[in-house]
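A.B. asks: So that we are looking at the same thing, I have put the structure below in structure tokens.
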Amino acid sequence: MDVLQAIGLALVAIGLVYVIYQFPILFYGYREFTKYDIDFSNLDSAQFSGFKMYKPLVSIIVPAKNEETVISRTIESILNQSYTNFELLVVVDNSTDNTYNIAKEFEQKDSRVKVFNRPNGKSKASALNFCFEKSRGEIIATYDADTMLLRNTLENAIYGMNYFNVDVLQGYNSYINRSENIFTRLAVIDEILVKATLIGRTHLNLFVPVAGSNQYFKRQVIKNIGGWDEEFLTEDLESSLRISNSRYKSAYLSSAKVLQETPASYSEYFKQRTRWLRGYHQVLLHSKKRMSRFTDFDALMIVLAPTFSGILFFGWMYISLLNFYNPFVHSMRTYFLSLIVISLIIYAAAFILVLIKKKQNAIYLPLIYVYLTVNSLISIYTMFLEITGAKRVWHKVKKTGKTTI
């Protein structure tokens, strides 16, 4: 084996580390897939009277920028919650459309709603910090402006935090336009794998990161970590790392479910994934970390996920191209061996995906190859951007308000 082949195999081996680490998490995620669908609103009142008596004030924060097509739907779903002890703070940041006026109409109808306009707003993290300072709740909930809550979402989340005795809770983010086209179906693969991973992490008492929308924090958590860092593209991931370092407990509850819109075109999908994956690399390279306990290592593995994915894909392509033109038999054996290993990994992931929701997800099986390839390539591209110091850009994804469920 020459040096070039050794480098390629080393890259594949590094990528396989993450696959091996993830296997038991995904296994338990599959096995316990329905365990966390606990609907507290339908539980026996006498048996769970202690949880029902816990009714803290919840401060709901919704940052919005140019969201006139979806903001009304989001606010209506929040005001229609079965859990009613909340205040809603909508902060309209640097918008050029009618978002502020639409939100303002709800403020005039319901005293729980407060709407703020910031023409010079800088980022989502900045908006969250702005509203946190104005909030009064014991629990802080955050939703993106395109998030539609089910009627019992907030009730399940609040009682779920008490039931699990945790400081932070991540709810289930599903997609409202999942059947629109191939790009929304790619997002469904991500949705299912993320759900299985977070269930597995909760079951194994590993750290559960907060991601995107539908997040719940005890007020003291946000206060103690110093709020959201406004310099990071993925402020949720960076805050998750500090929450983990501070030894707070977190969990995932799939019955705290919301619906969101996922990009329906390649350009919008690419923008969203570029921000997400570059945000991961930014956190990996520039955030403060602790490595004194296993929980710190585990949290780091979450941050490293897209890096490992990119390394594994690049290593496989490297070996494939290197050995394709190599006439030696041992080189071809290396090529076919690496190809078989990677194929087995992909098939295993696809198999888990189909098993989790059985026959109804068989339609997504061929797309897993597209999903893994596209996201691995974007991961490599965004790592290059971060290493070379290219300007970081917050890509705003356009929302259409379309639903397919």
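The values are calculated or read from the model by the stated rules, or taken from the named source; none is laboratory data. These numbers come from a predicted model, not from an experiment. All Cβ positions, even for glycine, are placed from backbone atoms using ideal geometry, and neighbour counts span all protein chains on display. Surface areas here come from the heavy atoms of the whole protein model, side chains and all, with no ligands, DNA or RNA. Shrake-Rupley method; radii C 1.70, N 1.55, O 1.52, S 1.80 Å.
A.B. asks: Just to check your reading of the model, which residue among Leu11, Leu16, Leu26 is touching a Ser or Thr at 6+ places or on another chain (Cβ under 7 Å), at pLDDT 70 or above and either of a type in the set (A, V, I, L, M, F, W, C) or in a helix (DSSP H, G or I) (or both)?
C.D. replies: Every option except Leu26 fails the conditions.
A.B. asks: Kindly list, by first and then second residue, each pair from a residue in the stretch 133-150 that is within 16 Å of Asp93 (Cα to Cα) and of a type in the set (Val, Ile, Thr) to a residue that is crowded, with 22+ Cβ neighbours inside 10 Å and at pLDDT 95 or above, limited to pairs with Cβ atoms under 6 Å and residues at least 6 apart or on different chains.
C.D. replies: Thr142/Ile61; Thr142/Gln215
A.B. asks: Something else: How many residues does the stretch 211-228 contain that are modelled with pLDDT under 95 and farther than 17 Å from Gly29 by Cβ?
C.D. replies: 2
A.B. asks: I need every pair where a residue in the stretch 21-36 that is under 20 Å from Ser255 (Cβ atoms) has its Cβ under 7 Å from the Cβ of a residue that is open to solvent by less than 90 Å² (accessible area, probe 1.4 Å) and part of a loop (DSSP other than H, G, I, E, B), sequence separation at least 6 or different chains.
C.D. replies: Cβ pairs passing all conditions: Tyr28/Leu204.
A.B. asks: If you check Ala305, Ala256, which single one turns out to be under 24 Å from Ile25 (Cβ atoms) and at pLDDT below 90?
C.D. replies: Matching residue, one of Ala305, Ala256: Ala305.
A.B. asks: Among residues belonging to the stretch 232-272 that are among the small types (Gly, Ala, Ser) and not in a helix (DSSP H, G or I), point out the one that is surrounded by the most Cβ atoms within 10 Å (Cβ to Cβ).
C.D. replies: Ala256
A.B. asks: Within the stretch 107-124, is there a residue that is open to solvent by 10 Å² or more (accessible area, probe 1.4 Å), among the charged types (D, E, K, R) and either out of contact with any strand residue (DSSP E or B) (no Cβ under 9 Å at 6 or more places or on another chain) or closer than 28 Å to Phe27 by Cα (or both)?
C.D. replies: The answer is yes; a qualifying residue exists.
A.B. asks: Yes or no: the stretch 168-191 includes at least one residue that is in a loop (DSSP other than H, G, I, E, B) and under 22 Å from Pro63 (Cβ atoms).
C.D. replies: yes
A.B. asks: Hey, another quick one. Check every one of the helices (runs of 4 or more DSSP H) wholly within the stretch 60-160 and list those with 2 or more residues that are of a type in the set (Asp, Glu).
C.D. replies: Hits in the stretch 60-160: 99-109.
A.B. asks: Moving on. Just to check your reading of the model, which residue among Phe313, Phe336, Phe324, Phe328 is at pLDDT 65 or above and not aliphatic (A, V, I, L, M)?
C.D. replies: Of the residues listed, the single one that is at pLDDT 65 or above and not aliphatic (A, V, I, L, M) is Phe313.
A.B. asks: Now for a different question. Only residues that are closer than 16 Å to Tyr36 by Cβ, polar (S, T, N, Q), open to solvent by less than 20 Å² (accessible area, probe 1.4 Å) and within 14 Å of the chain's Cα centre (by Cα): list them for the stretch 197-214, please.
C.D. replies: Hit for the stretch 197-214 is Asn214, nothing else.
A.B. asks: Can you tell which of Thr84, Thr74, Thr99 is out of contact with any strand residue (DSSP E or B) (no Cβ under 8 Å at 6 or more places or on another chain) and β-branched (Val, Ile, Thr)?
C.D. replies: Every option except Thr84 fails the conditions.
A.B. asks: Quick one: Asp229 ticks every box in (1) under 23 Å from Thr403 (Cα atoms); (2) open to solvent by 10 Å² or more (accessible area, probe 1.4 Å); (3) out of contact with any Pro (no Cβ under 7 Å at 6 or more places or on another chain); (4) not aromatic (Phe, Trp, Tyr) bar one, so which box is it?
C.D. replies: (1)
A.B. asks: Can you name the residue in the stretch 371-384 that is open to solvent by less than 30 Å² (accessible area, probe 1.4 Å) and touching a Ser or Thr at 6+ places or on another chain (Cβ under 9 Å) and is also nearest to Leu193 (Cα to Cα) among such residues?
C.D. replies: Checked the stretch 371-384; the qualifying residue nearest to Leu193 (Cα to Cα) is Asn375.
A.B. asks: Would you please list the contacts, defined by Cβ atoms under 7 Å and residues six or more apart or on different chains, that run from a residue in the stretch 268-281 that is touching a residue at least 12 places away in the same chain (Cβ under 8 Å) and closer than 15 Å to Val303 by Cα to a residue that is basic (Lys, Arg) and surrounded by fewer than 18 Cβ atoms within 10 Å (Cβ to Cβ)?
C.D. replies: Arg278/Arg392
A.B. asks: Ile78 versus (1) within 29 Å of Gln220 (Cβ to Cβ); (2) surrounded by fewer than 16 Cβ atoms within 10 Å (Cβ to Cβ); (3) at pLDDT 95 or above: which is the lone unmet condition?
C.D. replies: All conditions pass for Ile78, except number (2).
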